[in-house]
């Protein structure tokens, strides 16, 4: 029986690797570590037969290679496999602790080819152009796809459908932050509150931050931001003011406001929203 230790900081990818290894009768997964120092310590103590290390551990290529070197020094008999994606090929380098390379399967090539690069270098994965093509994507594929995208990108933002079907729940399960768009309109507040209560029943509130972004923030009526936060029970990450002319022009030209008009109030609001989400991820 081969004892395998997985070193992976993305839960979706770790589960995918465990699933693949679980099909092998002669393989036993002894653990999953998401921190470099803890992984080296466990490998040094238990000396597993094989360690599979994410090449992008901590979002930096150098960390995965460094962990491989440290484990090789601490446990020379352990074979080390680096896990990567097709866009980032890695050659085996036994002298640096890399005995073999495993390229993630599960549509990684197709996923990379489906990405469209838009303004400012942002990549987009668009919805299938035909309904029958959407049926080819199973719910179980979604978390793995998000994991593959997260391997090659600093941030992955998913526009979830308004209904909470299996596909939306799969995406929410794999997410690290949930962001709700709301306005001061009573129906929008009621809908947002119902969604938040559902998220709480599903246990998301204990697992990840739930934030709101206030659209058309200058159309408040008699309600204040504080009153809205109290009604929702979640903090507002940013406020987007009304600017129909600029927004409609941006949509018509298919050019983001943060690129074409970054100094406008609405452009600045989107910049502040991005900064808030980045800060939340670091936190």
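The values are calculated or read from the model by the stated rules, or taken from the named source; none is laboratory data. These numbers were taken from a predicted model, which means no experiment stands behind them. Neighbour counts are summed over all protein chains in view; Cβ atoms, including those assigned to glycine, are modelled from backbone coordinates with ideal geometry.
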Worksheet item: Which of (1) under 30 Å from residue 88 (Cβ atoms); (2) loosely packed, with under 13 Cβ neighbours inside 10 Å does residue 172 not meet, given it meets every other one?
Response: (2)
Item to complete: Sort out which residues of segment 1-45 are over 19 Å from the mean Cα position of the chain (by Cα), surrounded by 15 or more Cβ atoms within 10 Å (Cβ to Cβ) and closer than 12 Å to residue 78 by Cβ, and write them in order of number.
Response: 3, 4, 5, 30, 39, 40, 42, 43
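Take residue 71 and decide whether it is buried (at least 17 other Cβ atoms within 10 Å of the Cβ), under 17 Å from residue 4 (Cβ atoms), in contact with a helix residue (DSSP H, G or I) (Cβ under 6 Å, 6 or more places away or on another chain) and at pLDDT 90 or above. I'd like the intermediate steps shown before the answer.
Numbers: buried (at least 17 other Cβ atoms within 10 Å of the Cβ): yes; under 17 Å from residue 4 (Cβ atoms): yes; in contact with a helix residue (DSSP H, G or I) (Cβ under 6 Å, 6 or more places away or on another chain): yes; at pLDDT 90 or above: yes.
Spelling it out, residue 71 is indeed buried (at least 17 other Cβ atoms within 10 Å of the Cβ), under 17 Å from residue 4 (Cβ atoms), in contact with a helix residue (DSSP H, G or I) (Cβ under 6 Å, 6 or more places away or on another chain) and at pLDDT 90 or above.
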Worksheet item: Only one of these conditions is not met by residue 271: (1) more than 26 Å from residue 168 (Cβ to Cβ); (2) without any contact (Cβ under 8 Å) to a residue 12 or more places away in the chain; (3) in contact with a helix residue (DSSP H, G or I) (Cβ under 8 Å, 6 or more places away or on another chain). Which number is it?
Response: (2)
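I want to confirm something. Restricting to segment 203-240 and keeping residues that are free of Cβ contacts under 8 Å to residues at least 24 places away in the same chain and within 25 Å of the chain's Cα centre (by Cα), which single residue is surrounded by the most Cβ atoms within 10 Å (Cβ to Cβ)?
205
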Worksheet, complete the sentence: Counting only helices (runs of 4 or more DSSP H) entirely within segment 112-229, those with at least 1 residues that are under 30 Å from residue 86 (Cα atoms), in contact with a strand residue (DSSP E or B) (Cβ under 9 Å, 6 or more places away or on another chain) and at pLDDT below 95 are 141-152, 166-174
